[in-house]
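A.B. asks: Handing you a structure now.
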Amino acid sequence: AFYGCSMLKELTLPISLNVSDSQSANLFYGCVNIKEITFTPGTGDGFNYQSNQSFKDYYKRTPWYLSKDSLTTLIFNEGIISICFYTFDGCAKFTNVTLPYSLSAIGKYAFYGCSNLRTTIPGDLTSIGDNAFYGCTYLTERFISDSLTFIGNNAFYGCLSLTEINVS
């Protein structure tokens with residue numbers, strides 16, 4: 001769809017963007033300079049990049065995978081309630097991620113390996129999936145409300161800068 005748009009730097013997409021396996025890697029092929037993505041509410045949870053169990057590297061199916069080395073900013077607008085599995089796995093250059101207060105669930109491996117990630121986890125979160133923030137070495141302090149009912153295995157594994165977790 002946007003093949004070869006190498007000057008494209010910012011995207012605004014609905015969180016419910018759903019692309020087929022064959023389209024996902026090619027949707028922004030050649031768009032290697034995307035720096036910022038803003039997600040708006042949609043009519044679903046977002047595309048589940050784990051849906052095809054036979055595909056080994058799920059995260060490589062995301063439309064922004066080819067821009068993962070330039071992508072530094074993610075903005076999730078209010079009204080978004082979940083971030084699906086593997087959505088930003090391996091996007092190590094993220095430095096600024098804005099999560100909305102409406103967010104209630106972060107899927108497994110959602111930010112796996114996003115080593116430069118800096119964000120505040122919203123207070124009304126109810127579920128954090130397995131390995132959701134695995135290897136996010138720059139996360140420092142988390143405020144988690146009593147509405148949290150599930151923290152998956154290794155959700156904060158390797159978060160070497162994490163010094164405090166406040167549960168209210």
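A.B. asks: I'm checking my understanding of the structure. Among residues of region 20-31 that are in a loop (DSSP other than H, G, I, E, B) and surrounded by 14 or more Cβ atoms within 10 Å (Cβ to Cβ), which one is modelled with the lowest pLDDT?
C.D. replies: Among residues in region 20-31 that are in a loop (DSSP other than H, G, I, E, B) and surrounded by 14 or more Cβ atoms within 10 Å (Cβ to Cβ), the one modelled with the lowest pLDDT is Ala25.
Residue-wise test of (1) within 14 Å of the chain's Cα centre (by Cα); (2) touching a residue at least 40 places away in the same chain (Cβ under 8 Å).
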residue: Lys108; (1), (2): yes, yes
residue: Ser115; (1), (2): yes, no
residue: Phe133; (1), (2): yes, no
residue: Phe150; (1), (2): no, no
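A.B. asks: Continuing with the same structure: Which one is surrounded by the fewest Cβ atoms within 10 Å (Cβ to Cβ) among residues in region 119-128 that are at pLDDT 85 or above and out of contact with any strand residue (DSSP E or B) (no Cβ under 6 Å at 6 or more places or on another chain)?
C.D. replies: Only one residue fits best here, namely Thr126.
A.B. asks: Please go through (1) modelled with pLDDT of 90 or more; (2) open to solvent by less than 10 Å² (accessible area, probe 1.4 Å) for Cys159 and return the number of the only condition it doesn't satisfy.
C.D. replies: (2)
A.B. asks: For region 106-117, check the following and say yes or no: at least one residue is among the aromatic types (Phe, Trp, Tyr) and surrounded by fewer than 23 Cβ atoms within 10 Å (Cβ to Cβ).
C.D. replies: no
A.B. asks: If I go through region 37-78 residue by residue, how many of them are at pLDDT below 70 and in a helix (DSSP H, G or I)?
C.D. replies: 4
A.B. asks: Would you pick out the residues in region 63-81 that are free of Cβ contacts under 8 Å to residues at least 40 places away in the same chain and in contact with a strand residue (DSSP E or B) (Cβ under 6 Å, 6 or more places away or on another chain)?
C.D. replies: Selection gives Thr73, Leu74, Ile75, Asn77.
A.B. asks: Please go through region 129-150 and pick out each residue that is open to solvent by 90 Å² or more (accessible area, probe 1.4 Å), at pLDDT 80 or above and not polar (S, T, N, Q).
C.D. replies: Correct list: Tyr138, Phe150.
A.B. asks: Still on this model: In the list Ile34, Ile15, Ile83, which residue meets the criterion of being modelled with pLDDT of 85 or more, within 14 Å of the chain's Cα centre (by Cα) and within 29 Å of Thr137 (Cβ to Cβ)?
C.D. replies: Matching residue, one of Ile34, Ile15, Ile83: Ile83.
A.B. asks: Does region 128-135 include one or more residues that are part of a loop (DSSP other than H, G, I, E, B) and within 22 Å of Pro41 (Cα to Cα)?
C.D. replies: Yes.
The values are calculated or read from the model by the stated rules, or taken from the named source; none is laboratory data. Everything numeric here is computed off the predicted structure, so don't read it as measured data. Positions of Cβ are backbone-derived with ideal geometry, glycine not excepted, and every protein chain shown enters the neighbour counts. These area figures cover heavy atoms from the full protein model, side chains too; ligands, DNA and RNA do not enter into them. Shrake-Rupley method; radii C 1.70, N 1.55, O 1.52, S 1.80 Å.
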